[in-house]
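Student: What follows is a single structure, and I will ask about it in a moment.
The values are calculated or read from the model by the stated rules, or taken from the named source; none is laboratory data. Computed from a prediction, not measured in an experiment: that's the story for all the values here. For neighbour counting, all protein chains shown are included, and Cβ atoms are generated from backbone atoms with ideal geometry for every residue, glycine included.
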Amino acid sequence: MAKASKKKPAAAAKKSAAKKVVAKKTATKKAAPKKAAPKKAAAKKTKRKANAALMKAMTPSAFLAAIVGSKPIPRGQIIKKLWAYIKKFDLQDKINKRLIHADEKLKKIFGGKSPVNMFEMTKLVSKHIK
C-alpha cells in the first residue's frame, strides 16, 4: 500500500497563505500611543448623616420606662440602653448569642415571650414607643 501524502489541497493552501499576509500587515502596524486620562482630585469623604427617624425623640411606654427611663429619647438610644440592661443581668444565651432570655421586666415588653431573637426584639420594642 502506498502512503498517502500529507499535502494540503490547493484551495486550503491559498487560504492559509492569505491569512499569513493579513497577519503580517496587522503585526507591522504600530498602535497609536494612548493618551493618559487626566487624574481627578480625590473626592473628600463626607461624614455620614444620621437618619432623622432614628434621631427623633420617642416616649417609651410605662413598661419600657422601667428599664430605659421615662424621658423621651431617640430609638437608637432606647435599644442601646436595652442591650446594656441585657448584658448587666446576663440575659443573653451562652451558646446562641442571638437569643435573649427575658426576665420579668422584659417579658412585659416582649409580650410574654421568654427566648426572643435579637432581631425580633426591636420589632417588639417598637410597639412600646410613641
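Student: Within the range 45-100, how many residues are hydroxyl-bearing (Ser, Thr, Tyr), outside any helix (DSSP H, G or I) and surrounded by 12 or more Cβ atoms within 10 Å (Cβ to Cβ)?
Tutor: Summing the residues that are hydroxyl-bearing (Ser, Thr, Tyr), outside any helix (DSSP H, G or I) and surrounded by 12 or more Cβ atoms within 10 Å (Cβ to Cβ) in the range 45-100 gives 3.
Student: Next up: List every residue pair whose Cβ atoms sit under 8 Å apart, with the two residues 6 or more apart in sequence or on different chains, where the first one lies in the range 69-84 and is on the phi > 0 side of the Ramachandran plot and the second, anywhere, is surrounded by 17 or more Cβ atoms within 10 Å (Cβ to Cβ).
Tutor: Correct list of pairs: GLY69/PRO60.
Student: Which of the residues belonging to the range 48-64 are free of Cβ contacts under 8 Å to residues at least 60 places away in the same chain and small (Gly, Ala, Ser)?
Tutor: ALA50, ALA52, ALA53, ALA57, ALA62, listed by residue number.
Student: Keeping to the range 92-130, report how many residues are closer than 13 Å to ILE79 by Cβ, among the aliphatic types (A, V, I, L, M) and touching a Pro at 6+ places or on another chain (Cβ under 8 Å).
Tutor: Going through the range 92-130 one residue at a time, the tally reaches 2.
Student: Regarding the range 20-43, can at least one residue be identified that is surrounded by 12 or more Cβ atoms within 10 Å (Cβ to Cβ), at pLDDT 60 or above and among the hydrophobic types (A, V, I, L, M, F, W, C)?
Tutor: No, there is no match, as no residue in the range 20-43 is surrounded by 12 or more Cβ atoms within 10 Å (Cβ to Cβ), at pLDDT 60 or above and among the hydrophobic types (A, V, I, L, M, F, W, C).
Student: Let me ask something else. Answer yes or no: is there a residue in the range 103-110 that is of a type in the set (Phe, Trp, Tyr) and modelled with pLDDT of 95 or more.
Tutor: no
Student: Being in contact with a His (Cβ under 8 Å, 6 or more places away or on another chain) and not small (Gly, Ala, Ser) is the filter here; which residues of the range 80-122 pass it?
Tutor: LEU91, GLN92, ASP93, ILE109, PRO115
Student: Residue by residue through the range 101-113, note down the ones that are in a loop (DSSP other than H, G, I, E, B) and surrounded by 13 or more Cβ atoms within 10 Å (Cβ to Cβ).
Tutor: Correct list: ALA102, ASP103, PHE110, LYS113.
Student: Please go through the range 92-114 and pick out each residue that is without any contact (Cβ under 8 Å) to a residue 40 or more places away in the chain and closer than 12 Å to LEU64 by Cβ.
Tutor: LEU106, PHE110 - these are the residues of the range 92-114 that are without any contact (Cβ under 8 Å) to a residue 40 or more places away in the chain and closer than 12 Å to LEU64 by Cβ.
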